[in-house]
């Protein structure tokens, strides 16, 4: 009995010693991954030439940060496609970006509408509540296309940030085409029209974008909203 106890105590001491030795290595791996991710995003931003399209380096880096975390958790089926809706810009700007990270190419850059109660020309107010008619910020995972009764071809979006956009399913937040998300509407009213909270696209861009980003890719809807930035687990 004494020998058995001695054996288990010795093994316990050995395991603890090994863990202590490994902690610096684990930390170094995490640090290396962080630096690799940062270098990856910096290189891609320049390669895709996103400055000319109006997307800031900081927003792109935040999107990459969240994508890397989601991919590490096994949440993405396709981590090579990244979509960013930059709601810090005027709705009269082409503020939706679909980026092919693998081939370092900007696939689409077009208009995207925000929710009716989120703001007029600029998006200012956000909500996760059903019936709010507001946009929700944060990271989403694209699911499968559906044919909506009123929206036609649409893309289901899964909001993955708890308390921020995780009611997207209940709220029927989808990507779809809309006549109020067009250059003609801007010419008439000076801004895009507004949705019930969905990121709505120009009708002619709807199908090609949905076909490109469907099936488990990352969508990041951004605004420099302090509450969101402080509470997002994917950005902190």
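The values are calculated or read from the model by the stated rules, or taken from the named source; none is laboratory data. Worth saying up front: this structure is predicted, and the values here are computed from it rather than measured. FYI the Cβ positions are ideal-geometry reconstructions off the backbone, even for glycines, and counts take in every protein chain you see.
Residues that are touching a helix residue (DSSP H, G or I) at 6+ places or on another chain (Cβ under 7 Å) and assigned to a loop (DSSP other than H, G, I, E, B) were ranked within the stretch 92-108; the one that is nearest to residue 190 (Cα to Cα) is 92. Residues of the stretch 32-91 that are modelled with pLDDT of 95 or more and either at positive phi or part of a strand (DSSP E or B) (or both): 54, 74, 81, 82, 83, 84, 85, 86. Scanning the stretch 109-148 for residues that are without any contact (Cβ under 8 Å) to a residue 60 or more places away in the chain and touching a helix residue (DSSP H, G or I) at 6+ places or on another chain (Cβ under 8 Å) yields a total of 1.
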